[in-house]
Amino acid sequence: MHGLKLLCVFLLFTFIKGELYTALVDLEELLHTESVLINTLEHYIKAQEQKLSLLKQYQKVFKSQHDKASKDVQSYIANPINAYLLVKRLTTDWKQAETLITTNIGNDFIANLTAYRDYLKFPSDEDLNGAAVALTRLQDTYQLDTSSLARGELNGVKYSSELSAADCFELGRQSYNNGDFYHTQLWMREADSRLGRELNETVQRSDILEYLAFSTFKQGNVMLALDLTNKLLEIIPTHQRALGNKVYYEEAIQMTNVEQKKGETDADTHQEFIDEGKILYEQLCRGDLSTPEEIVAELKCRYITNNNPYLKIGPFKVEEAYTDPKIVVFHDVMYDSEIETIKRLAHPRFRRATVQNSMTGELETAQYRISKSAWLKEIEHDYVAKVVQRVEAMTGLTQTTSEELQVVNYGIGGHYEPHFDFARADEKNAFKSLGTGNRIATVLFYMSDVAQGGATVFPYIQTALWPRKGSAAFWYNLHSSGEGHKNTRHAACPVLAGSKWVSNKWIHERGQEFRRPCGFERPPPELTA
């Protein structure tokens, strides 16, 4: 556009300066000028039409997905693939759409977008990366096939639209940026496969091959990396990085051959460290492991009143989940009206959930805990006070030294990796500011059902608790000696499909001296057979 304007200004200046109307021979040359202008205009119109065609494609995809989401917002957002695509549309895809708009109307549109950012929520590049990491986390934890996930399927259930080659490419690119070359390979291969089936290609194959080749090299397959690089050079023979990488790969292959001839071992060969706890955690999340039969045979369900006269008419329904540590589930102990009110109170205060630094005692965010949380006091609403009173009736433990009610909502693939609720011996500064001792017990309310995933699992005892709206899990974190019970190490599995809401009360030692049982072998009378 600017080039056309400059050309017109130059010609206008020539017309005025040269007085071309005074000689026919000069006018003859204008036919050539006009030809150039017509060709320039034709190219400009064609370019604009191509841009409009692309913008229409973007608009069609955006509107289709938005209309689908509007039919059931909560169900749409609860699906991790849909959530990732929404974040991607409002980051990468919209940025691409913006770059297509170069006319005055486009400038006005971009100016409007800039203004919108002042009062509308827009995801950041960090959000895009987080959504991509969440999908790869789900992929690993639940052993999801890449192709199935790209088709919008989660454990055989189709929840969303299929990913395009560009969507898969972006997942691979985000993995690459995180140094995760394993998932880079998986998603770049899927992008390449899908690109071959697209009528309107959404990404350049040369870009896919560049990332795929280097990630393949980083994974140790130099021969395949060289082959992929050669394919890239067939498309773009002058690709500078590919030319440099080709020489590097060829030298690496030659050096490897020499070392093998000398009988030397591969220096890159190593035994990967395997965290047994993590393996058990993921197996429990998938439902591949369950509580041992000999333990299940000892578990019971019953009604209890804890000698509370108010519970004589409506006792608690209790289900034992494990014996040592004693883990029980109270059913129907939080009502829908309470749940909705507590969610409404917490939502405006949500902040990224934190963990306590074991060395400093300070709170900080961590990649192994992906959720947002808020804290509610009893005085803020009668429902909060009633829930806290109910905790005391359920557990027989005073709530005067317990922490405030923490309300948590898990994000895309939200999880909390295996951890202890109590402070260990070397964590000297934990809970120091509270002055109420260690966390003696935990009560965890489930405030929503979860379509897939989201279990609370105890890896060391191979036990999983699956979210059921209105129920609450309860366990003691400490032995009667005050020492932490290591078998209470637990985790929140990634949410595969749905939205997981929980709230919890962490109960502290002070005030429980004459209330708690003497040990795990002697729980409160009504929790025994």
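The values are calculated or read from the model by the stated rules, or taken from the named source; none is laboratory data. All of these numbers come straight from a predicted model, not from anything done at the bench. Backbone-built Cβ (ideal geometry, glycine too); neighbour counts: all protein chains shown. With ligands, DNA and RNA removed, areas are computed over all heavy atoms of the protein, side chains included. Shrake-Rupley method; radii C 1.70, N 1.55, O 1.52, S 1.80 Å.
Computed quantities for the displayed model
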{"item": "Failed item, numbered, when Phe217 is tested on (1) crowded, with 16+ Cβ neighbours inside 10 Å; (2) over 25 Å from the mean Cα position of the chain (by Cα); (3) assigned to a loop (DSSP other than H, G, I, E, B)", "result": "(3)"}
{"item": "Residues of the range 427-449 satisfying the condition of being assigned to a loop (DSSP other than H, G, I, E, B), touching a strand residue (DSSP E or B) at 6+ places or on another chain (Cβ under 6 Å) and closer than 24 Å to Ile339 by Cβ", "result": "Met447, Ser448"}
{"item": "Helices (runs of 4 or more DSSP H) fully within the range 60-131 counting 3 or more residues that are over 20 Å from Ala47 (Cα atoms), open to solvent by 30 Å² or more (accessible area, probe 1.4 Å) and at pLDDT 85 or above", "result": "73-78"}
{"item": "Helices (runs of 4 or more DSSP H) lying entirely in the range 251-361 (those with 3 or more residues that are surrounded by 12 or more Cβ atoms within 10 Å (Cβ to Cβ) and at pLDDT 85 or above)", "result": "276-286, 336-346"}
{"item": "Residue in the range 451-472 that is closer than 22 Å to Gln74 by Cβ and aliphatic (A, V, I, L, M) present", "result": "yes"}
